[in-house]
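Below is one structure, written out as structure tokens, with a few remarks after it.
The values are calculated or read from the model by the stated rules, or taken from the named source; none is laboratory data. Everything numeric here is computed off the predicted structure, so don't read it as measured data. Cβ placement follows ideal geometry from the backbone for every residue including glycine, while neighbour counts extend to all protein chains displayed.
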Amino acid sequence: MARILVIDDDETFSYVLKRACSRQGHEVMLSASACEAKEASAGMFDIVFLDISLPDGNGLSLLPLLLGSEGHPEVIVITGHDNRDWLEQALMAGAWDFIRKDDSLDTVFAALEQALLYHQNRCGAQLSSSGQRTTPLKRNRLVGSGAAIGRCLESVIQCADSDVCVLLSGETGTGKEVFARTIHENSGRQNGPFIVVDCAALPENLAESLLFGHVRGAFTGAITRENGLIPEADGGTLFLDEVGELPLSLQKVFLRVLQEKRVRPVGSTQETPCDFRLIAATNRNLEHMVEEESFRRDLFYRLQTVHIPLPPLRERQEDILPLAHHFCAHFSELYALPAKQLATGTATALQLYGWPGNVRELCGAMERSVLTAGRASVIFPQHLPTGIRIHAATQRLAALSVPKEEKGSSVSESGLPSYAEFREQVWQKEEGRYLARILDQTGGSISEACEVTGLSRSRLYALLKRHGLTR
């Protein structure tokens, strides 16, 4: 049957679960701590039951390791109390489902049965009889092999061949357009156009004309007929970037176009068919916007037929250096410069940095480093942007200044923040530094700052206000 790993320090619960699963023919292994679980994860498992509260740490910190292990198991989270925040984090990180410790065995087995069925179907769909993927994925410029990016690629494989709407969400710079192009290039529409619409850059008074087109004489200055961006996507893919910025007045009209696949240009009484596949992207929380009535609920539901959340670069530690090498090779070739390697200190600095601007910031940093290094064959820390070097230096200094007795202390010691709190504190600090550097680099120009960061004007203002950087 299945190989199951139970990670829980509750001996009674673990014993009952092991005995019940064993009676059904499953092979069950027990781990009572995060440390034991890390060792056990080297084995092949189909299902993992994971307790959130472990004696030596938070169980959720094990999720990336478990999901990326050789068997790619489905993870069922165990919780002994109501904790919606932890549960939401677990599901967003890739957990299959959850059970409570006071659930009946019938409830536990129902979750187990569904997880096993999904796991078997997923493995069967991904592999042919030879053990290879039935259709090789064209990865475009997607670089990375970690568990986080692997789950995203798995979603791409599942939805690429269909025409379902896809919503890509994630922080600015996480590669939403690259993912959209990858979906397009692996679909049946790959030979059709890929039309990008930046909703944040649409002038509200001209948005309808730019999207749907217009006929001659539709308004002052309309001296010729224009097709519009949506009709140009006929036979291909329409990518709506920053869809959260789409004017509310246009959302109802666009929803009808999306449903009917017919477009009426401004000033026309005739509708024309338009066959396109929609991929949308946002760095905003559309659910909150729906609750605030700044985004239509019906359009939101239609957009997220398939939702692919993209992880920030700080959660893709194993991909930072492969990405850096990729960008280094790309820009060396682009500028006709010698191939370059990364010095050990450079690699360390890149891994220590928090990357608030995500992959886009790393790309820019490597382009600058390649140009600064010129014809040298090695990129040293001195070639990196100053902010990254300063951060690496302060991290090393902080590590050296910690007394020896504190270096060996337990992370669960009273007075220390939780990992989630610590990560949020570091993120906020680095985000503020990043924005301050952007303002300094652009001389305080909001327009230039928007162009560099890829943020909309409203989003940038909100972040500047949060960090006290408004003037």
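Quick check: anything in region 31-43 assigned to a strand (DSSP E or B), buried (at least 16 other Cβ atoms within 10 Å of the Cβ), hydrophobic (A, V, I, L, M, F, W, C) and in contact (Cβ under 8 Å) with a residue 24 or more places away in the chain? Checked against the condition, which is being assigned to a strand (DSSP E or B), buried (at least 16 other Cβ atoms within 10 Å of the Cβ), hydrophobic (A, V, I, L, M, F, W, C) and in contact (Cβ under 8 Å) with a residue 24 or more places away in the chain, region 31-43 yields no hits at all. Among the residues making up region 253-284, those that are more than 30 Å from Pro311 (Cα to Cα) and either in contact with a Ser or Thr (Cβ under 8 Å, 6 or more places away or on another chain) or among the charged types (D, E, K, R) (or both) are Arg256, Glu260, Lys261, Arg262, Val263, Arg264, Pro265, Val266, Glu271, Asp275. For Asp51, the conditions (1) in contact with a Lys or Arg (Cβ under 7 Å, 6 or more places away or on another chain); (2) buried (at least 20 other Cβ atoms within 10 Å of the Cβ) all hold with the exception of (1).
Within region 1-28, being surrounded by fewer than 17 Cβ atoms within 10 Å (Cβ to Cβ) and in contact with a helix residue (DSSP H, G or I) (Cβ under 6 Å, 6 or more places away or on another chain) holds for one residue alone: Ala20. Across region 54-94, the qualifying residues are those that are in a strand (DSSP E or B) and free of Cβ contacts under 8 Å to residues at least 60 places away in the same chain, and the one among them that is surrounded by the fewest Cβ atoms within 10 Å (Cβ to Cβ) is Thr79.
For Cys21, indicate whether it is within 29 Å of Pro312 (Cβ to Cβ), modelled with pLDDT of 85 or more and not in a strand (DSSP E or B). In short, no. In this structure, does Glu315 turn out to be surrounded by fewer than 20 Cβ atoms within 10 Å (Cβ to Cβ) and either without any contact (Cβ under 8 Å) to a residue 40 or more places away in the chain or under 25 Å from Phe212 (Cα atoms) (or both)? Taking the combined requirement at face value, the residue does not satisfy it. The single residue among Arg368, Arg297 that is in the same structural domain as Gly170 (by TED's automatic domain parsing) and surrounded by fewer than 17 Cβ atoms within 10 Å (Cβ to Cβ) turns out to be Arg297. Picking from residues in region 338-394 that are outside any helix (DSSP H, G or I) and within 24 Å of Asn283 (Cα to Cα), the one that is farthest from the chain's Cα centre (by Cα) is Tyr353.
When the residues of region 184-195 are filtered to those that are under 16 Å from Gly235 (Cβ atoms) and not small (Gly, Ala, Ser), the one that is surrounded by the most Cβ atoms within 10 Å (Cβ to Cβ) is His184. Summed over region 282-294, residues that are surrounded by fewer than 16 Cβ atoms within 10 Å (Cβ to Cβ), more than 18 Å from the chain's Cα centre (by Cα) and not in a loop (DSSP other than H, G, I, E, B) total 2.
Scoring Thr79 on the criteria (1) out of contact with any Lys or Arg (no Cβ under 9 Å at 6 or more places or on another chain); (2) at pLDDT 75 or above leaves a single failure, condition (1). Could you tell me whether Ile320 is aliphatic (A, V, I, L, M) and farther than 15 Å from Ile379 by Cβ? Criteria not met by Ile320.
When the helices (runs of 4 or more DSSP H) confined to region 137-242 are screened for residues that are of a type outside the set (A, V, I, L, M), closer than 30 Å to Cys328 by Cα and at pLDDT 85 or above, those reaching at least 3 such residues are found at 147-160, 176-185.
Is it true that some residue in region 296-307 is of a type outside the set (A, V, I, L, M), in a loop (DSSP other than H, G, I, E, B), modelled with pLDDT of 90 or more and over 16 Å from Arg368 (Cα atoms)? Among the residues of region 296-307, at least one is of a type outside the set (A, V, I, L, M), in a loop (DSSP other than H, G, I, E, B), modelled with pLDDT of 90 or more and over 16 Å from Arg368 (Cα atoms), which makes the answer yes.
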